[in-house]
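*Asks:* Would you mind keeping the following structure in view while I ask a few things?
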Amino acid sequence: PGRDITAFDVMNDVMYDFVVNVKGSSIIGAGHGAFITFKGARELKRRKILDCKKKSSSTRDSLEASFGSKASGVTVAVSGEKIHIDEHDEEVENGVGEWRQYSVEKDFSPVRDNVTFCADDNGSGLVSLGRYAPFQPEDRKIDVVYELKNFIFSLEPSSWGFSVEETIHDHEQTVDITDDGTGEPHEIARQNIPMYVNEAGHGSELHENVVARHDVRTVFYYLYVKAPMHVGDTVELLVDYGDTYEDVRERKGYGRANKKGEAECDSDDFARLQRNFTERSNREETIRNYSLDEIRSILYFIRTRVLTAAHGTNEMVVARQWVARRRLHWIASRLNKQLLSLACNLHDQLSREEIGNKTENIEGDEPLFTVGMLVFVNEWVAANDTRPPYTGVATVESTRLNKRGRRTYDICTERTKTILDVPEEVLTHVSEEDIQEVPTRKMKRHQMAIEVRQLPNEMIMFEKTFRMLAWDNEEAFATATVRSMITFICEDKATSAEKLVIDALKKDVAEELLYDLHCSGQLERPYDPNKWCSLSLKIKKSIVDMLSTFTLQNNIESISEQNILSEGVLRLAREASAAMKRITKEATTWKETKDETVNSWNESSLRGLIHPLCFWRRQEEVWMCLVPDSHVSRNESYSRSMCTLKDILKEGYILDIKWYIMQQVIALVDTLVSTIKWSSQPDPSLGGIYSLQKLCSVLNMVESEVVLLLSNK
């Protein structure tokens, strides 16, 4: 979009003209940006100034009335018509000025002097750039829905959302300009300038010139130029989102911690996984605290807004949609677990109040009102009751069928008086007006009874939604479509879009796998270069990639596919073990043959040789896991010692090859593939298709020693 903006200085009767255009941002990697150009100023023609002064009425100034000490009780009425000239009769269409009496096109002429514009000048100020959000009712979301949407769309919506003051049904509200089916800004937002205003962040060369202002639910952007703009000057519009945006900055690589070298952006595997593990953990914790109403809202949003969306046209958007489909599968299992827990708790709570055993039913006869519900009694009194007929709100305490087969109820009135055997015909549902004065305890009991009554039918709908979200749902064709794309990639027939989708899905499935292992304590800090050597990280990526591919194809139980996977895993382990042995041998040979008479030893050549087995303790220094020659023994060779490359040369340290193979290959490989339920066929004596025994045999390691190490770890 492009836009012409004219700002009118009421104090000085000057109009400032700007034009805003969208083009490539000056910030690398920021995509589009919005740029404003100062086109010049126009001043009010002198003739128009004099003309308006003649027409201004002297009686427009406010008058004072005084009644002295006898003013009490005096009533004053002023009436009249066209007592003097009414300047509002001079209002012109789209006019400016105190009474909109000036025509923008006819009453102004260009300022000839070299004029500048600055927001801090007398008579100037903020210039409206328009509304940022919301644009449509769907842009307003309660926190639980927005957070779920943000997670499934890989946190892209968090780059665009704003928290506002207004709440919705006691939930915090976020205004969100992203499409509910893609996570990208929707079409209406794209037609407005504010969406293209980039963030200044912490760059010293970037200066904020846009401020955001909120009312209770709406966010507006305003131009605030501190440095004077001359005619023809163009600047990029930049806003500061504040400290709440810092997590997004760090993920993108321009946060404070990134600039200090204390954090990596999401292109770093370890940094991305750390953040995403925290995000998944937060999602799980939040879901465990969801109420039934919140689950209703979330499933309704998924069913009506996410699953019904059309596929995007941009390759990145399509890939994000596929990842969202996978994350919905992950979310669904946790929502279902919380829903079942809530249903059980609800029934248990009602049972504790002895509600469940107070209803007598016969087949085909369900009571209109259940125990705990509030009802309105319409003039009822029992035949032998001397009290006057009761009309008002009451609580159902029990229900039964009388001898004639008619439904009756025992009710408790607002004054805790019990009325027995009230026929169903005199009871009606309560209205909002009826229950305004009902005590909180009774109201909660009523709501609980309503939920229990509705829950069976709702559970059917919930279960249907969960089946829709399942990854292997045949109607959704997710597994079949992905399997076809993987086949095309293997046959080198895939499009760039299909390759992007599979890469994104494999990365997300790998994250699922590693997160589960991390939470169970089986695999500590995946991709942490302080814990895993470079060679170990390399084979980990390869194995996780294989496991992700098999998971996406959903054919992991096939014996033929398990054989392929097992062969690939064992081959990677064998190659890594061989590389470690070769590196150890070459490093030992290098130390033995180096020239002792040379004072300056070549550290870089040794680093290049044993780099695959490095651990990084600091950014500038490589550390190795080593054991001194004199301490190599059966009991101590598995304990780690840390030293630098200089120590290798000066102190005679050697690499502990057994520790490396056991800790960095066997432990890693066996933990990763333990996520597969391996078939015991075709060779049970060797543990089936895959087993720890088979892995140790391939690597020529003693299984009992490996088991001892892993049990001590």
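*Asks:* With a ≥ b ≥ c the root eigenvalues of the C-alpha gyration tensor of the stretch 210-278, is it rounded (a/c under 1.5), prolate (a/b larger than b/c) or oblate?
*Replies:* oblate
*Asks:* At 0.36 nm per residue, and after removing the present C-alpha to C-alpha distance, how many nm does the segment from residue 457 to residue 436 gain when stretched out fully?
*Replies:* Full-extension gain reported as 4.8 nm.
*Asks:* Name the residues whose placed amide hydrogens come within less than 5 Å of the amide hydrogen of residue 130, ignoring near sequence neighbours (fewer than 5 apart) on the same chain.
*Replies:* 221
*Asks:* Excluding ligands, DNA and RNA, what is the solvent-accessible area per residue of the stretch 206-330 at a probe of 1.4 Å, expressed in Å²?
*Replies:* Per-residue value: 50 Å².
*Asks:* Just to verify a number: what accessible area does residue 128 come out at with the full protein assembly present, 1.4 Å probe, Å² rounded to tens?
*Replies:* 60 Å²
*Asks:* Let me ask something additional. Quick check: from the Cα gyration tensor, does the stretch 260-322 come out rounded (a/c under 1.5), prolate or oblate?
*Replies:* Verdict is oblate for the stretch 260-322.
*Asks:* Do you know the relative contact order of the stretch 125-208, to the nearest whole percent, from alpha carbon pairs under 8 angstrom that are 6+ apart?
*Replies:* Computed over the stretch 125-208, the figure is 32 percent.
*Asks:* Carbon and sulfur atoms: what percent of the 1.4 Å accessible area of the stretch 432-563 do they account for?
*Replies:* Carbon plus sulfur share of accessible area: 51 percent.
*Asks:* Continuing with the same structure: With r defined as the distance between the Cβ atoms of residue 424 and residue 311 and R0 fixed at 60 Å, what FRET efficiency is calculated, to the nearest 0.05?
*Replies:* Working from the Cβ atoms, E equals 0.70.
*Asks:* Lys/Arg Cβ at +1, Asp/Glu Cβ at -1, dipole of the stretch 477-563 taken about the Cα centre: which of 530, 562, 500 is farthest positive-ward?
*Replies:* 530
*Asks:* Okay, moving on. Per residue, how much accessible area does the stretch 379-471 show when a 1.4 Å probe rolls over the protein heavy atoms, in square angstrom?
*Replies:* Value for the stretch 379-471: 64 Å² per residue.
*Asks:* If ligands, DNA and RNA are left out, what is the accessible area of residue 440 with a 1.4 Å probe, given in Å² to the nearest 10?
*Replies:* Accessible area of residue 440: about 90 Å².
*Asks:* Sticking with this structure for a sec: Could you give me the radius of gyration and the Dmax of the stretch 466-513, taking only the C-alpha atoms into account and expressing both in angstrom?
*Replies:* 11.7, 35
*Asks:* Tell me the label-point distance for the pair residue 702, residue 46, using the 7 Å Cα-to-Cβ offset, in nm and rounded to one decimal.
*Replies:* Reported label-point gap for residue 702 and residue 46 is 10.9 nm.
*Asks:* May I pose another question? What is the ratio of the Cα radius of gyration of the stretch 457-563 to 2.2 N^0.38 Å, with N the residue count, to two decimals?
*Replies:* For the stretch 457-563, the normalised Cα radius of gyration is 1.29.
*Asks:* Ordered by residue, what ³J(HN,Hα) values in Hz, to whole numbers, does the stretch 173-180 give under the Karplus form 6.51 cos²θ - 1.76 cosθ + 1.60, where θ = phi - 60° and Gly and Pro are x?
*Replies:* So the J values, rounded to whole Hz, are 10, 10, 8, 10, 9, 8, 5, 6.
*Asks:* Here's a follow-up. Filter the trypsin sites (Lys or Arg not before Pro) in the stretch 362-451 to those in DSSP coil with at most 10 other Cβ atoms within 10 Å of their Cβ, and list the result.
*Replies:* Within the stretch 362-451, the qualifying trypsin sites (Lys or Arg not before Pro) (loop, at most 10 other Cβ atoms within 10 Å) are 403, 404, 415.
*Asks:* Would you mind giving the average projected area, over all directions, of the Cα convex hull of the stretch 138-287 in nm² with one decimal?
*Replies:* Spelled out: convex hull of the Cα atoms, projected over all directions, averaged, 10.9 nm².
*Asks:* Under a 1.4 angstrom probe, counting protein chains only, how are 380, 330 ranked by accessible area, largest first?
*Replies:* Correct descending sequence by accessible area is 380, 330.
*Asks:* Could you go through the stretch 143-152 in sequence order and give the Karplus-derived ³J(HN,Hα) for each residue, using 6.51 cos²θ - 1.76 cosθ + 1.60 with θ = phi - 60°, rounded to whole Hz, and x for Gly and Pro?
*Replies:* Going residue by residue, I get 4, 5, 6, 5, 5, 5, 4, 4, 5, 5 Hz, with x marking Gly and Pro.
*Asks:* Given labels modelled 7 Å from the Cα in the Cβ direction, how far is it in nm from residue 484 to residue 28?
*Replies:* 4.1 nm
The values are calculated or read from the model by the stated rules, or taken from the named source; none is laboratory data. Note that the structure is a prediction, hence the values are computed from the model and not measured. Because the Cβ atoms are built from the backbone with ideal geometry, glycine has one as well, and the counts that use them run over all protein chains shown. Surface accessibility is based on the protein's heavy atoms, side chains included, excluding ligands, DNA and RNA. Shrake-Rupley method; radii C 1.70, N 1.55, O 1.52, S 1.80 Å.
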